Amino acid sequence: MLRSMFSGVSGLRSHQTRMDVIGNNIANINTVGFKASRVTFQEIYNQTLKAASAPTSATGRGGVNAQQVGLGVSVASIDVLHTKSGAQRTDKATDLAIEGDGFFVVSDGVSNFYTRAGNFDIDPQGYLVSASGLKVQGWTSRNTSGDIITTGTTNEINLANLSMPPRATSVLGFEGNLDSGLDVNETLEYTTSIIDSLGEEHNIKLIFTKIAPNEWNLLIEPASADSKIVNSPLYDSSDTTNFPDAQPIQFDGNGRLIWPLEEGITISNIVFDNGAVPTEDLKITFDPEKFTQNDSESSVKISFTDGYLYGVLNNINIDSMGRIVGIYSNGQTRTDAVIAIARFSNPAGLLKLGDNLFELSANSGEPITGQAGLDGRGTINPGALEMSNVDMANEFTDMIITQRGFQANSRIITTSDEMLQELVNLKR
């Protein structure tokens, strides 16, 4: 009877632990990135009253099973269930959800921690931080090609005071139409700009002059007398009558461009009076499919240019591979950082720390850190947050089962008590 009473006590303790876990799950039904836990039970040591015996041919008797009495129940495991849950749209640029395996890496400056909660923000110093102020880890260093290096040690992501240096124009691409109905020696002018190495714009004028059917000359010159272009093969200010620097443009009878094609027109050694580096090669190209000569109104426009002004960071976007793409005041975009994602061979082995954080344990394995969407890591859903994976219906069902289990074990204790009472009353 005492054994049964202690078995009932062990059942109460185990079911109380299970109820604690269920209560925590329900409490975190709306916690960002929360992963529910479950409790499993196992038998405690069994007392053997009689050992098993094997069959014997001498006596003709068969074998006899052992006689054992169990001594109750204990908690076998409390498992964290890293099952998939839904995502809630927020449309905030720094809210991120992981679709698949992996964890964000955050740091307090000494140790790294891991989280599925991607409700990040940018602090006054420009760091990307978690809700508890830990700094999100990733990569910001570039290789010689200008690409972010997404291997090796991670570091804090800081987006403060980012700027983009200017880029001198090296290519101008055009598309449009030259009116075939213009008379010989009639001209069409188009003004655009080039950018020098200091990020200053210089307006230039393209003058298309029809010299024969299907043939034109292109003369390029500064657009104003106060231009800072002081020496250039773009023009000859002393003689424009015979187009000494004009470039030929030719079309076939169907109005399709036949010269120049892919090679375009290359102009070298444009010198500026503001101290900018002289332009080595400015290539002017015309799209053979979109630059035509037809009996239609003339229209020439830029289709491509690689030069841009100095810019400062205005906004950011984050893509599915964790690349933080800066949007700059000069209209350009640039990848400024890549968020790291850590994957574990046994994520259920991670230790919960509170604040939606996990840390390594002896059974979790070491983090395998890399870019989202690669080597088994999940992709990032920007502008969304991962919801809790707690199943309310399942939790309430487990709560009922646990309650009944607790009640049943309490009956073991009260019944054992009544039996002991009857035993004591024998003396009367």
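At a glance:
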| item | result |
| --- | --- |
| GLY264, sole failed condition from (1) at pLDDT 90 or above; (2) in contact with a Ser or Thr (Cβ under 6 Å, 6 or more places away or on another chain); (3) within 26 Å of SER197 (Cβ to Cβ) | (1) |
| Odd one out for ASN143 among (1) out of contact with any strand residue (DSSP E or B) (no Cβ under 7 Å at 6 or more places or on another chain); (2) loosely packed, with under 14 Cβ neighbours inside 10 Å; (3) within 30 Å of GLY275 (Cα to Cα); (4) in the same structural domain as SER299 (by TED's automatic domain parsing) | (4) |
| Long-range neighbours under 7 Å by Cβ, at least six apart or interchain, first residue in contact (Cβ under 8 Å) with a residue 40 or more places away in the chain within segment 47-65, second assigned to a loop (DSSP other than H, G, I, E, B) | GLN47/LEU71 |
| Qualifying residue in segment 69-80 (condition: free of Cβ contacts under 8 Å to residues at least 60 places away in the same chain, surrounded by 11 or more Cβ atoms within 10 Å (Cβ to Cβ), more than 30 Å from VAL325 (Cα to Cα) and touching a strand residue (DSSP E or B) at 6+ places or on another chain (Cβ under 8 Å)) | yes |
| Residue count, segment 124-182 (criterion: closer than 30 Å to LEU257 by Cβ, touching a Phe, Trp or Tyr at 6+ places or on another chain (Cβ under 7 Å) and of a type in the set (Asp, Glu)) | 1 |
| Filter pass, VAL32 being surrounded by 16 or more Cβ atoms within 10 Å (Cβ to Cβ) and farther than 26 Å from GLY405 by Cα | yes |
| The one condition in (1) assigned by TED's automatic domain parsing to the domain that holds ILE220; (2) modelled with pLDDT of 95 or more that ASN317 fails to fulfil | (1) |
| Whichever residue in segment 2-29 is surrounded by 12 or more Cβ atoms within 10 Å (Cβ to Cβ) and over 48 Å from the mean Cα position of the chain (by Cα) and, among such residues, is modelled with the highest pLDDT | VAL9 |
| Selection from segment 270-312 of residues that are in contact with a strand residue (DSSP E or B) (Cβ under 8 Å, 6 or more places away or on another chain), farther than 19 Å from GLY173 by Cα and surrounded by 12 or more Cβ atoms within 10 Å (Cβ to Cβ) | VAL271, PHE272, PRO278, ASN294, SER296, TYR310, GLY311, VAL312 |
| Qualifying positions in segment 181-226 - polar (S, T, N, Q), assigned to a loop (DSSP other than H, G, I, E, B), surrounded by fewer than 17 Cβ atoms within 10 Å (Cβ to Cβ) and on the phi < 0 side of the Ramachandran plot | SER224 |
| Matching residues, segment 244-267, being free of Cβ contacts under 8 Å to residues at least 40 places away in the same chain and over 48 Å from the mean Cα position of the chain (by Cα) | PRO244, ASP245, ALA246, GLN247, PRO248, GLN250, ASP252, GLY253, ASN254 |
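Yes/no per residue for (1) under 50 Å from the mean Cα position of the chain (by Cα); (2) within 14 Å of THR292 (Cα to Cα); (3) not β-branched (Val, Ile, Thr):
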{"position": "LEU178", "(1), (2), (3)": "yes, yes, yes"}
{"position": "ASN185", "(1), (2), (3)": "no, no, yes"}
{"position": "GLU189", "(1), (2), (3)": "yes, no, yes"}
{"position": "GLU201", "(1), (2), (3)": "yes, no, yes"}
{"position": "ILE204", "(1), (2), (3)": "yes, no, no"}
{"position": "PHE208", "(1), (2), (3)": "yes, yes, yes"}
{"position": "ILE211", "(1), (2), (3)": "no, no, no"}
{"position": "ASN214", "(1), (2), (3)": "no, yes, yes"}
{"position": "LYS228", "(1), (2), (3)": "yes, no, yes"}
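The values are calculated or read from the model by the stated rules, or taken from the named source; none is laboratory data. All of these numbers come straight from a predicted model, not from anything done at the bench. Virtual Cβ from ideal backbone geometry, glycine too; neighbours counted across all protein chains shown.
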